[in-house]
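Undergrad: Below: one structure in structure tokens.
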């Protein structure tokens, strides 16, 4: 039974899928990425900052509906 406001999500299944798919790569949160996190100012929420900083560091895009990330100008279109 799902509680109100709660989303059921199978993280184990998602992890297995990510590991099995060659398009995905799990990367570490390195000191170099942390330096980018510290310099980001337009993205306030820490998890969004880490996602954005990681994408900037690796020069890759992010597919997101997050308005703050999309409007921050922190990522190239």
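The values are calculated or read from the model by the stated rules, or taken from the named source; none is laboratory data. This is a predicted model, so every value here is computed, not measured. Cβ coordinates were reconstructed from backbone atoms using ideal geometry, including for glycine residues, and neighbour counts include every protein chain displayed.
Undergrad: Since residue 44 meets every condition but one in (1) assigned to a loop (DSSP other than H, G, I, E, B); (2) surrounded by 13 or more Cβ atoms within 10 Å (Cβ to Cβ); (3) touching a residue at least 24 places away in the same chain (Cβ under 8 Å), which condition does it not meet?
TA: It fails just one condition, (2).
Undergrad: Report yes if some residue within segment 29-50 is at pLDDT below 90 and touching a helix residue (DSSP H, G or I) at 6+ places or on another chain (Cβ under 8 Å); otherwise report no.
TA: yes
Undergrad: Quick check on residue 29: is it surrounded by 11 or more Cβ atoms within 10 Å (Cβ to Cβ) and either within 15 Å of the chain's Cα centre (by Cα) or within 14 Å of residue 66 (Cβ to Cβ) (or both)?
TA: yes
Undergrad: Sort out which residues of segment 49-77 are part of a helix (DSSP H, G or I) and under 18 Å from residue 32 (Cα atoms), and write them in order of number.
TA: Residues satisfying the conditions are 49, 50, 51, 52, 53, 54, 55, 56, 57, 58.
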